[in-house]
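Student: The structure that follows is given in the form of structure tokens.
Just so it is clear, none of the values below were taken in a lab; they were calculated from the coordinates. If you're wondering where the values come from, they're calculated on a predicted model, not measured in any experiment. When we count neighbours, we look across all protein chains shown, and the Cβ atoms used for this are built from the backbone with ideal geometry, even at glycine.
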Amino acid sequence: MKIVKAQVFQIGLPMKFPFTTGFGTISARESVIIRLETDQGVIGWGESAALSAPIYNPETTQTTIHIIKDFLIPKLLSRDLEIEEYVTEINSIRGNRIAKFGVECALWGIRSQLENKTVSNLLGAVRTEIPVGESIGIQKSIEDTISVIAQKLAEGYQRIKLKIKPGWDLELIKSVRQRFPDIVLMVDANSSYSLKDIELFEQLDQYNLLMIEQPLADDDIIDHAQIQKRIKTPICLDESINSVEDARKAIELGSCKIINVKPGRVGGIIESQKINALAKANHIPLWCGGMLETGIAKGYNLHVASMSEFTLPADSSPALDYFFDDIISPSMVVKDNGTITVPTDLGLGYQIKEDVLRKVTVSDFILK
Ligand code: OSB
Ligand code: MG
């Protein structure tokens, strides 16, 4: 496919409520939307949804724009590359995986239309409905948390993930378990603890948690293995896994029993496919994470989550849960059975509401 035009939009979305985690609070969301066009006029959309500040991983809105504009798009323009060739080409660019993912998604959107198959089918989908869970940020009180949980269970979500940080952990989980003894419950620490906190994790081990996500440093796979040895609850890695190679090493070291695959964090759909194959060979369950993206990145995430090893509920709340505007149509819906249907249309699988995109665009540019 020959890309002859790229347009990049920096967008700003106010949030309905602030989202607080161990790394800080997100109260407005920036993101970067990519539109690629081929010489035949086929259009593909993608999204690079780094946070505004490098508090989750090292990328930011501005670094993704820089990398997309100065390194990724120039590799594509007016050449005739298949997605696999593009991915090989950009191997020489280190890191910056969320930036790479956004561009790769737009290429998959185009391939889907050229081959007349949904992205999910191109990936060898095994499921048409993705089970979903809700990720609940740090609230003002345990009582508030309990009422948000009750609301999300009523909306059909299959599992509840609570963000924890030092001082907002054991009491919280104890109270939530008393109130909801049987729900599928997990915690995400977003790297806010160290090995000195091992006793806390030993205590959390009694609450029948589905998993403990990323308790230790964002770049660690050594100390996590120490914790995993001491507890039955599976450790799940998020921030620490940036590639299939990271995943292989973490599995070999025993650093985790579950992996949260965020296709953006690992740098693309092809990398996610490789992690799916690795997980299959090693019997490691996967699930697709999210990071408050718009429906564009979340849409591709649904296609990724249709692959075989993504057996655990995804973080895939519809954008309208967090934002006042939705860029895609139709909006995603969580059905009563706690799933979201994988879109069956070609490309992203949803239409882009270009009027809404224009409304939320802060700046944009075109490369030809
Ligand atoms: O660690 O999973 C995370 C949001 C921003 C950054 C990191 C994370 C999150 C979430 C929200 O937990 C998940 C979602 O998009 O539903
Ligand atoms: Mg996480």
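Student: Residue by residue through the range 286-328, note down the ones that are among the polar types (S, T, N, Q) and either in contact with a Phe, Trp or Tyr (Cβ under 6 Å, 6 or more places away or on another chain) or under 22 Å from K274 (Cα atoms) (or both). Reasoning before the result, please.
Tutor: Residues of the range 286-328 among the polar types (S, T, N, Q): 294, 301, 306, 308, 311, 316-317.
Listed by number, the residues that qualify are N301, S306, S308, T311, S316.
Student: Also, quick follow-up: Looking only at the range 200-241, which residues are hydroxyl-bearing (S, T, Y) and either out of contact with any helix residue (DSSP H, G or I) (no Cβ under 6 Å at 6 or more places or on another chain) or not in a helix (DSSP H, G or I) (or both)?
Tutor: Within the range 200-241, the first condition is being hydroxyl-bearing (S, T, Y), and the residues that meet it are 207, 233, 240.
Once the filter is applied, which keeps residues that are hydroxyl-bearing (S, T, Y) and either out of contact with any helix residue (DSSP H, G or I) (no Cβ under 6 Å at 6 or more places or on another chain) or not in a helix (DSSP H, G or I) (or both), the range 200-241 yields T233, S240.
Student: Exactly one condition in (1) aliphatic (A, V, I, L, M); (2) surrounded by 21 or more Cβ atoms within 10 Å (Cβ to Cβ); (3) farther than 19 Å from M186 by Cα is not met by I259; state its number.
Tutor: I259 satisfies every listed condition except (3).
Student: Pairs please, first residue from the range 77-91 and in a helix (DSSP H, G or I), second anywhere and surrounded by 14 or more Cβ atoms within 10 Å (Cβ to Cβ), Cβ atoms under 6 Å, 6+ apart in sequence or on different chains.
Tutor: Partner pairs satisfying both residue conditions: I83/L107; V87/I270; E89/K75; I90/K100.
Student: Among the residues in the range 265-274, are any away from ligand 1 (no atom under 12 Å from the Cβ), under 19 Å from the mean Cα position of the chain (by Cα), surrounded by fewer than 20 Cβ atoms within 10 Å (Cβ to Cβ) and assigned to a loop (DSSP other than H, G, I, E, B)?
Tutor: no
Student: Next question. Among the listed residues I366, I352, which satisfies the condition of being more than 24 Å from I136 (Cβ to Cβ), in contact with a Phe, Trp or Tyr (Cβ under 7 Å, 6 or more places away or on another chain) and in contact (Cβ under 8 Å) with a residue 24 or more places away in the chain? Give the derivation first.
Tutor: Details: I366 fails: in contact with a Phe, Trp or Tyr (Cβ under 7 Å, 6 or more places away or on another chain).
Selected residue: I352, the only one of I366, I352 that is more than 24 Å from I136 (Cβ to Cβ), in contact with a Phe, Trp or Tyr (Cβ under 7 Å, 6 or more places away or on another chain) and in contact (Cβ under 8 Å) with a residue 24 or more places away in the chain.
Student: Which ones in the range 115-148 are among the small types (G, A, S), in a loop (DSSP other than H, G, I, E, B) and either within 16 Å of ligand 1 (Cβ to nearest atom) or surrounded by fewer than 16 Cβ atoms within 10 Å (Cβ to Cβ) (or both)? Break it down stepwise before answering.
Tutor: Filtering the range 115-148 for residues among the small types (G, A, S) gives 120, 124-125, 133, 135, 137, 141, 147.
Of the ones still in play, those that are also in a loop (DSSP other than H, G, I, E, B) are 124-125, 137, 141.
Those that are among the small types (G, A, S), in a loop (DSSP other than H, G, I, E, B) and either within 16 Å of ligand 1 (Cβ to nearest atom) or surrounded by fewer than 16 Cβ atoms within 10 Å (Cβ to Cβ) (or both): G124, G137, S141.
Student: Looking at Q228, is it in contact with a Cys (Cβ under 8 Å, 6 or more places away or on another chain) and at positive phi?
Tutor: Working: in contact with a Cys (Cβ under 8 Å, 6 or more places away or on another chain): yes; at positive phi: no.
So Q228 does not fit the description; no.
Student: Just give me the residues in the range 231-249 being under 19 Å from the mean Cα position of the chain (by Cα) and either within 16 Å of ligand 1 (Cβ to nearest atom) or touching a residue at least 12 places away in the same chain (Cβ under 8 Å) (or both), in sequence order.
Tutor: Within the range 231-249, I235, C236, L237, D238, E239, S240, I241, N242, S243, V244, D246, A247 meet the criteria.
Student: Please specify each residue of the range 335-354 satisfying the condition of being farther than 24 Å from L122 by Cα, in contact with a Pro (Cβ under 9 Å, 6 or more places away or on another chain) and buried (at least 16 other Cβ atoms within 10 Å of the Cβ).
Tutor: To start, the set of residues in the range 335-354 that are farther than 24 Å from L122 by Cα comprises 335-338, 353-354.
From what's left, in contact with a Pro (Cβ under 9 Å, 6 or more places away or on another chain): 337-338.
Within the range 335-354, just G338 meets the criteria.
Student: Checking the conditions here, which among L357, L278, L312 is surrounded by fewer than 24 Cβ atoms within 10 Å (Cβ to Cβ) and under 16 Å from the mean Cα position of the chain (by Cα)? Outline the logic, then answer.
Tutor: Numbers: L357 fails: under 16 Å from the mean Cα position of the chain (by Cα); L278 fails: under 16 Å from the mean Cα position of the chain (by Cα).
Being surrounded by fewer than 24 Cβ atoms within 10 Å (Cβ to Cβ) and under 16 Å from the mean Cα position of the chain (by Cα) holds for just one of L357, L278, L312, which is L312.
Student: Would you check if A250 is away from ligand 2 (no atom under 15 Å from the Cβ) and either acidic (D, E) or in a helix (DSSP H, G or I) (or both)? Don't jump to the end; show me each part of the working.
Tutor: Values: away from ligand 2 (no atom under 15 Å from the Cβ): no; either acidic (D, E) or in a helix (DSSP H, G or I) (or both): yes.
Against the criterion (away from ligand 2 (no atom under 15 Å from the Cβ) and either acidic (D, E) or in a helix (DSSP H, G or I) (or both)), A250 does not qualify.
Student: Since E104 meets every condition but one in (1) more than 16 Å from ligand 1 (Cβ to nearest atom); (2) out of contact with any Ser or Thr (no Cβ under 6 Å at 6 or more places or on another chain); (3) part of a loop (DSSP other than H, G, I, E, B), which condition does it not meet?
Tutor: Here E104 meets the rest and fails (3).
Student: Same structure, new question: Taking the range 283-322, which residues are in a loop (DSSP other than H, G, I, E, B) and within 12 Å of ligand 1 (Cβ to nearest atom)?
Tutor: The initial filter retains those residues of the range 283-322 that are in a loop (DSSP other than H, G, I, E, B), namely 283-285, 289-294, 306-313, 316-318, 322.
Of everything in the range 283-322, those that are in a loop (DSSP other than H, G, I, E, B) and within 12 Å of ligand 1 (Cβ to nearest atom) turn out to be G289, G290, M291, L292, E293, T294, P313, S316, S317, P318, Y322.
Student: Determine if the range 46-55 includes at least one residue that is more than 16 Å from ligand 1 (Cβ to nearest atom) and outside any loop (DSSP other than H, G, I, E, B).
Tutor: From the range 46-55, those more than 16 Å from ligand 1 (Cβ to nearest atom) are 46; that's our starting set.
Filter once more, so that each one left must be outside any loop (DSSP other than H, G, I, E, B): 46.
Yes; the residues of the range 46-55 include at least one that is more than 16 Å from ligand 1 (Cβ to nearest atom) and outside any loop (DSSP other than H, G, I, E, B).
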